[in-house]
Amino acid sequence: MSIGSIPFAFAFLLSATLVALFCRLAPWFGLVDAPTARKRHQGRVPVCGGIAMFVALLAATAVRERFPSVVPQASTLGSSSWPLIGVLGVLVAIGIADDRWELGAAVKLALQLAVAGMLLAVAAPAPHGGMLDLPGLMPAGGWLAVPVTLFFVVGIINAFNMIDGLDGLAGGMAAVALAGLALAGTLSGHARLVDDSLLLLSVVLGFLVFNLRRPGLPRALAFMGDAGSMMLGCAVAAMVVELSTKPIADRTGAAMFPALLWLVAIPLIDTLSLMVRRPLAGRSPMAADRRHLHHLLLDAGATPSQATALLIAIAALLGTVGIAGIVTQMSAVLLLGGLTIPLLAHTAFAWSCGYRQRRRVPQTALAISSEPAE
C-alpha cells in the first residue's frame, strides 16, 4: 500500500468500524427506527450511519494532512477548508435532531437554507465567490447567482434526503456521484477535489458494508438517517459548485455544470417530479407519500434489492453521459437539453404506474401517507 492510499483505506475501515460501534450505542440515544404504518422495514434499526460517516470523514481528513496523496491546494473538503467541514457538521447536527425528534418540514427547510448560506460564505474566497456559472445563461457573480446557487444546494440536499428510501439506495447514489466527481476533477485538472471525492467515497463504502443488501445480509443493519443523507447531498452539491466555478485547465469550452447535473440526475429528477405531482394531486409538495421512483418500482413488482441495483445502474449510466460531455466538450445547451430524455422517461413511468394504481385502488386510499425511512 502506497503512502498516498493510507487516508482512503483508513476512511473506509474507520467508517465501517464506527457504524458497528454506533449501532450498539444508538438505542441509548433514541436513534432507532421502528416499523410503523409509514415505515415498512423489518425490526428496529439503528440510525447511526450519518454520525459514523461524518466522524470518519473528520478523522480521515486529519490523517490526510499527515499522509497527503496530492500537492496541497484549496479544496472543497481539504485541510484548507476546515470551516466547510464545520458546515457539514452543522447539517449533521440538524439531521440528528430530525432523526430523533422529527423536525417539521418548514423548520428543516429553513435550516437547510441557513446551512446553504453558510456554505456560500465559506466558499466566498473561491473564484466568482463560489457561485454557479451557467455558460451563456447566467454569468457567475450576477444578481441571479446567489439565489440560484442556494436553490441548487438546498435542492441537492433534499434530493439525497428523499431518495433515501431503500437499503443501499442513497449510499449507492452518493457513491456514483462521488466517483463521477473524481473523474470530472481529474479531467479538469482539480487534483485536490479528486482527493476529496475519493475520501468521502471511501467513507460511504464503509457505511454500505452495513446498509447494502447482498448475499448474507438480507436487510440493512444500520440506516444513515437524515444526518447522513443531508450531509452527502451537501457535500456533493459543494463539489459540483466548486467544479463549476473554478477555471478549467485547457478545457475552456466544456460546460461543467450541465455535465455534472447528469451525475445527480436520478435523485434530482425524482425530487422535481414529486414537487409537481404532489400539488397536482392536491397535496403539499413536502408531504410524505409512496410516489418516489423506488416506490413505483416496488409497486411494479421489483424487490428492494432489484430496485436499488437498477436505479444505481441507471445513475451510473447517466453519469457516464455527463463525463462523456466533459471529455468531448459538449455544449451546455445540448447537455441540458439531453436531460429531458430521463425526465420524460421518469414522467412516463410515473404516469403509467399511477394509472395502474388508480384502476386497482379506490381514490380515497391514495391519500394515505406511508413513506418508509429505508
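Taking θ = phi - 60°, what integer Hz values does the Karplus form 6.51 cos²θ - 1.76 cosθ + 1.60 yield along region 21-34, in sequence order, with x for Gly and Pro?
Going residue by residue, I get 5, 5, 4, 7, 8, 3, x, 5, 9, x, 8, 9, 9, 9 Hz, with x marking Gly and Pro.
Quote the accessible area belonging to Ser5 in square angstrom, nearest 10, computed with a 1.4 Å probe and with ligands, DNA and RNA left uncounted.
Accessible area, nearest 10 Å²: 40 Å².
Ignoring ligands and nucleic acids, what accessible area does Trp82 show with a 1.4 Å probe (Å², nearest 10)?
90 Å²
Taking +1 at the Cβ of each Lys and Arg and -1 at the Cβ of each Asp and Glu, which of Ala309, Ala238, Ala227 sits farthest along the dipole of region 203-309 towards its positive end, judged by Cα position relative to the Cα centre?
Ala309
What's the FRET efficiency of Arg219 with Val146 using the Cβ-Cβ distance as r and R₀ = 41 Å, to the nearest 0.05? Mind showing how you got there, number by number?
Values: r = 43 Å, r/R0 = 1.05.
Approximately 0.40, to the nearest 0.05.
Just to be sure I understand the model, the point goes 7 Å from the Cα along the line to the Cβ. What's the resulting Thr347 to Gln329 distance in nm?
3.3 nm
Can you give me the long-range amide H partners of Asp33? Hydrogens built in the peptide plane at 1.01 Å from N, cutoff under 5 Å, separation of 5 or more residues or another chain.
Val45, Val47
Arranged from highest to lowest average of other beta-carbon atoms within 10 Å per residue, in what order do the peptides 54-64, 335-345, 294-304, 206-216 appear? Write down the numbers at each step before the final one.
Values: 54-64: 21.1, 335-345: 15.4, 294-304: 17.1, 206-216: 18.9.
Top of the packing list down: 54-64, 206-216, 294-304, 335-345.
The values are calculated or read from the model by the stated rules, or taken from the named source; none is laboratory data. Just so we're clear, the structure is a prediction, and the values are computed from it rather than from any experiment. Glycine gets a Cβ as well: all are built from the backbone with ideal geometry, and neighbour counts include every protein chain shown. Only protein heavy atoms, including side chains, enter the accessible area calculation; ligands, DNA and RNA are left aside. Shrake-Rupley method; radii C 1.70, N 1.55, O 1.52, S 1.80 Å.
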